[in-house]
Amino acid sequence: MTPGLALFYGGMVRAKSTLNMIMMSLVSVALVTVSWLVAGYSLAFGHDLGGLGLLGGFEHVGLKGITPTTPHGHVPALLFVTFQLTFAILTTALISGAIADRAKFSAWMVFVPVWALAVYAPIAHWVWGGGWISHLGALDYAGGLVVEIASGASGLAMALVLGPRIGFRKEAMRPHNLPMVLLGVGLLWFGWFGFNAGSALAANGTAAAVFLNTLVAGCTGLLGWLLVEQRRDGRPTTFGAASGVVAGLVAITPSCGSVNVLGALAVGLVAGVVCSYAVGWKHRLGYDDSLDVVGVHLVGGVIGTLLIGLLAVRSMTGGAAGLIAGGSGVQLGKQAIAVPVVGLFAFTVTFAVGKLIDKVMGFRVSAEDETSGVDLALHAETAYEHGVNGHANPLGKVAAHPSPLGLAKQQEQGA
């Protein structure tokens, strides 16, 4: 899923930031893997520290005590460690979309492992590792709280730490490569089946139901987004289709193991419609969430997590039922407690971490590097030598987005 996210994000940015965007996802694979194996897994899934439900213990630091024969339920513990690692990687990488075009790569490399340990691991423990949200009874099958709300709230915090891009709300900052976006969303959708259905930790009827729910919600998310575009703008777009798929998948992530197929249809549709409007909030409120991590992942995660309280059915949960499905409303209350607490925790800690890194080493590139493009400034590379990113000059450097007048003068000088 993370290489899929890299392509999805890479196509969404302007051409001069393509490689940097891809690199921010790929380096997250390496950095989160190391931090997860050293301490993250133990903090998330170790025995509860002090019985407070806030953090796991240190008994599995460096995977101590886990061997190839150690079980975790019906699967090997090492397989469970690795499966959960993929969630940690993707969640961290998602945040990069909120700060596209303007973040120092060196600062991002410091941020990634710190965030994975300080924010992701505690929330994962609360929800999946036997922590207080688990004891509360709030449901999150595959990551509405742990993945979507955590990354969305953290993306908002980092967008505020770095400030808006140069030209925000003044210049059009359209995706430069829509085929790449569509390829990325296709890989994400495929990977999402593994995330959601794989969370059953078995090849059984529950996994099959979750698999189908994931498919259905992605479809109705797409249709809901296109419906809004057609009504609001007069035409559906490929970018809208891709965004709608992601919105539907985000919302079904927490609820895929709690709702039936009709519930999944409703979850995806609501998310597609609401998120298509939510992505515009940044222009009115003034925060520059570059690739709509807030509008899609935070908002979609909130929708999917709260709708469990309305649409959950006992045939899927084995006990809890939503208000519409005959429940008392207690489940909705539990979901409503978990959502703001996770969001506020992720936002507050991320903002503090981001500010600290910014103060120590600076988190934002210079205005000159941002204008010329972070690919060339930070990596000495460009995704495209000719065409959309500019042209090569005799010195081998690339001029980003030359104006027609500039091209004419250069051609005249060359003649």
>> Could you identify which residue out of Tyr41, Tyr384, Tyr287 has the top mean-square fluctuation in a GNM of the chain using Cα springs shorter than 10 Å?
In response: Tyr384
> Looking at this model, which pairs from Lys64/Lys359; Lys170/Lys359; Lys16/Lys104; Lys64/Lys334; Lys64/Lys355 are more than 26 angstrom apart at the alpha-carbon?
Replying inline: Lys64/Lys359; Lys170/Lys359; Lys64/Lys334; Lys64/Lys355
> Between Thr69 and Ala380, what is the label-to-label distance in nm when each label sits 7 Å out along the Cα-to-Cβ direction?
Replying inline: 5.2
>> Per residue, how large is the accessible surface of the chain? Use a 1.4 angstrom probe and give square angstrom.
In response: 41
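Ignoring ligands, DNA and RNA, what percent of the 1.4 Å accessible area of the stretch 174-264 is carbon and sulfur? Before the final figure, lay out the partial values.
Numbers: 2620 of 3690 Å².
On the stretch 174-264, the fraction of accessible area on carbon and sulfur atoms equals 71 percent.
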>> Using the Cα centre of the stretch 1-142 as the reference point, and only Cβ charges (+1 on K/R, -1 on D/E), how large is the resulting charge dipole? Debye, rounded to the nearest 20.
In response: 500
>> Using a Gaussian network model on the chain with a 10 Å cutoff between Cα atoms, which of Pro76, Pro340, Pro122 fluctuates the most?
In response: Pro76
> the stretch 127-208: percent of C-alpha pairs farther apart than 22 Å?
Replying inline: 54
> Roughly how many debye, to the nearest 20, is the charge dipole of the chain about its Cα centre, given +1 on each Lys and Arg Cβ, -1 on each Asp and Glu Cβ, and no other charges?
Replying inline: 500
> So how far, in whole Å, is the C-alpha centre of the stretch 282-344 from the one of the stretch 169-244?
Replying inline: 18
> Under DSSP H, which helices of the chain have Cα atoms covering 30 Å or more of the helix axis and a Kyte-Doolittle average no less than 0.0?
Replying inline: 205-233, 330-361
> Can you tell which of Met158, Met180, Met12 shows the greatest fluctuation in a Gaussian network model of the chain with Cα springs below 10 Å?
Replying inline: Met180
> Quick one: putting +1 on the C-beta of Lys and Arg, -1 on the C-beta of Asp and Glu, what dipole do you get for the stretch 168-300 around its Cα centre, in Debye to the nearest 20?
Replying inline: 280
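Tally Lys/Arg at +1 and Asp/Glu at -1 over every other residue whose Cβ is under 12 Å from the Cβ of Arg14; what's the total?
Result for the neighbourhood of Arg14: 0.
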> Tell me, what is the percent relative contact order of the chain, built from C-alpha pairs under 8 Å that lie six or more residues apart?
Replying inline: 21
> Which length gain, in nm to one decimal place, applies between Thr82 and Arg174 when the Cα-Cα distance is subtracted from 0.36 nm times their residue separation?
Replying inline: 29.5 nm
>> Over the stretch 110-227, what is the relative contact order in percent, taking alpha-carbon pairs closer than 8 angstrom and at least six residues apart?
In response: 17
>> If you scale each eigenvalue of the Cα gyration tensor by 5 and take the root, what three semi-axes come out for the stretch 51-164, rounded to whole angstrom and sorted largest first?
In response: 28, 17, 12
> Using 20 Å as the cut-off for backbone N distance, which residues of the stretch 105-140 belong to the label zone defined by a point 7 Å from the Cα of Glu59 along Cα→Cβ?
Replying inline: 121-135
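The values are calculated or read from the model by the stated rules, or taken from the named source; none is laboratory data. Since this is a predicted model, take the numbers as computed values, not measurements. Positions of Cβ are backbone-derived with ideal geometry, glycine not excepted, and every protein chain shown enters the neighbour counts. SASA here: full protein model, heavy atoms, side chains in, ligands and nucleic acids out. Shrake-Rupley method; radii C 1.70, N 1.55, O 1.52, S 1.80 Å.
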